[in-house]
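Written out below as structure tokens is the structure these notes cover.
None of the figures in this text is laboratory data; all of them are computed from the coordinates on show. It should be emphasised that the depicted structure is a prediction, and the values quoted were computed from it without experimental measurement. Neighbour counts are summed over all protein chains in view; Cβ atoms, including those assigned to glycine, are modelled from backbone coordinates with ideal geometry.
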Amino acid sequence: MKTLKLRIKDKHCKVLDQLASEVNFVWNYVNDLCFKHLQRKGQFFSAYDVAKYTKGTSKECNLHSQTIQAVTEELVIRRKQFKKAKLKWRVSNKKSARCSLGWIPFKKVAVKYANGYIQYGKHQFKLWDSYGLSKYTVKTGSFVEDSRGRWYVCLVVDSPKQEKPTETKAIGIDLGLKDIAACSDGTVIFNPKFYRQYEQKLGIAQRAKNKKRVRALHAKIKNCRKDHLHKASSMLVKNNALIVIGDLSAQKLVKTKMAKSVLDTGFSALKTMLTYKCENAGVLFEEVSENFTTQVCSSCGEITASSPKGRADLRIREWRCCNEKCLSLNDRDINAALNILALGHKRLAVGISLF
Ligand SMILES: [Zn+2]
């Protein structure tokens, strides 16, 4: 939880001053009520007791009922804190030397926030939103005046979830043909199934020679793919401080028997996105040669007889290392991603020792 303080535009000062004097009136009334009750019965009123007396007050003034409650609660808390039978009178007269600085507390249901203004009751107050308020959940707050007569709104908020700037995780990514990518932490970025759906429809449209439909479907597939890759790359950049990726490229694959269009699951686009997103976010990005990353066992670092033999052995998804001291069971893609990550760490270590 933290408190945000935002300046309210000066044109609203008059209304806020008026509301503040109503708050003062409520404060003084409750303060007096509690004091009289104490004199008569020798007992302190609780905020709950007072509520019976202030019920309906909000209909006769411009204050929200949640403000009246908040004023009462504050008064009871302060009275306990200072161990006093009666608290200081709040003075609204601006000319008085004892004039209180304006204060209008409220609870979260009393305010709504929208595009550059805060709504309180029927009033809308424009403000300078320097924090991006829509990101936060308001718990409680108050309007306050400073000694120069400027008004602010103070909001107690929950910290937004995405605020995690100190990620320390590192990840290796094995770009793939079956799935777009497999990560060393076990995350897999799938090639989503919805392409299939569209591809079938595309086939129908093509056979019917419906050019307009074909264009529309192509655009749709492209957008879905892009959206999927954007989400995946943003997630990777947000959660990691170092991203290491294999140097698999579509151009290299063209040299093999299979055509690029069949093979490119979108990993080239993912790579491009990761490159610029990492730079923007200050995340380290390394590209390493992926030679042997599929064959080497990531636990013991050896290539054994059971290792899959490069891209040709695509059928093998899982294999057990033959090294008698190791015998670990490796998922083909995650094992490769772990090796890629290790290569990235090695390269970074070398890079540092050069200085
Ligand atoms: Zn091993």
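So if I take the alpha carbon set of the chain, get Rg, then get Rh from the Kirkwood formula, what is the Rg over Rh ratio?
The Rg/Rh ratio comes out at 1.24.
Once you place label points 7 Å from the Cα toward the Cβ at Thr272 and Glu167, how far apart are they in nm?
2.2
For Asn191, what residues show an amide H to amide H distance below 5 Å, using hydrogens built from the backbone and excluding near sequence neighbours?
Amide H neighbours of Asn191, under 5 Å, 5+ apart: Ile180.
Within a 10 angstrom radius of the beta carbon, how do Ser134, Ser299 rank from fewest other beta carbons to most?
Ser134, Ser299
How large is ³J(HN,Hα), in whole Hz, for each residue of segment 21-36 in order, when computed from phi with the Karplus curve 6.51 cos²θ - 1.76 cosθ + 1.60 and θ = phi - 60°, using x for Gly and Pro?
These are the phi-based 3J(HN,Hα) values: 6, 5, 4, 4, 4, 4, 4, 5, 4, 5, 4, 5, 4, 5, 5, 5 Hz.
With the cut-off at 22 Å, tell me which of the pairs Lys139/Lys231; Lys36/Lys84; Lys86/Lys107; Lys11/Lys112 have Cα atoms farther apart than that.
Cα-Cα > 22 Å for Lys139/Lys231; Lys86/Lys107; rest within.
What are the lysines whose alpha-carbon lies under 25 Å from the alpha-carbon of Lys212, with same-chain residues fewer than 8 places away excluded?
In chain and number order, the partners are Lys193, Lys201, Lys220, Lys222, Lys226.
Between Glu279 and Lys55, what is the label-to-label distance in nm when each label sits 7 Å out along the Cα-to-Cβ direction?
Each label point is offset 7 Å from its Cα along the Cβ direction, giving 6.7 nm.
Using a Förster distance of 35 Å, how high is the FRET efficiency between Asp146 and Ser234, based on the Cβ-Cβ distance and rounded to 0.05?
The formula returns an efficiency of 0.30 here.
If Lys and Arg each add +1 and Asp and Glu each add -1, what is the summed charge of the other residues whose beta carbon sits under 9 Å from the beta carbon of Glu318?
In short, +2.
If r is the Cβ-Cβ distance from His218 to Tyr131 and R0 is 56 Å, what FRET efficiency results, to the nearest 0.05?
0.85
Given H placed 1.01 Å from N in the peptide plane, which residues other than close sequence neighbours of Ser328 have an amide H under 5 Å from its amide H?
Cys321
Would you list Trp151, Trp89, Trp103 from fewest to most Cβ contacts within 10 Å?
Least crowded to most crowded, the residues run Trp89, Trp103, Trp151.
With θ taken as phi - 60° and the coefficients 6.51, -1.76 and 1.60, list the Karplus ³J(HN,Hα) couplings across segment 277-291 in order, rounded to whole Hz; mark glycine and proline as x.
The phi angles translate into 5, 4, 5, 4, 8, x, 9, 5, 10, 10, 10, 10, 5, 9, 4 Hz.
More than 21 Å apart: what percent of Cα pairs in segment 2-157 qualify?
Percentage above 21 Å: 47.
In what order do Met273, Met1 fall by count of nearby beta-carbon atoms within 10 Å, going from fewest to most?
Ranked by crowding around the Cβ, least crowded first: Met1, Met273.
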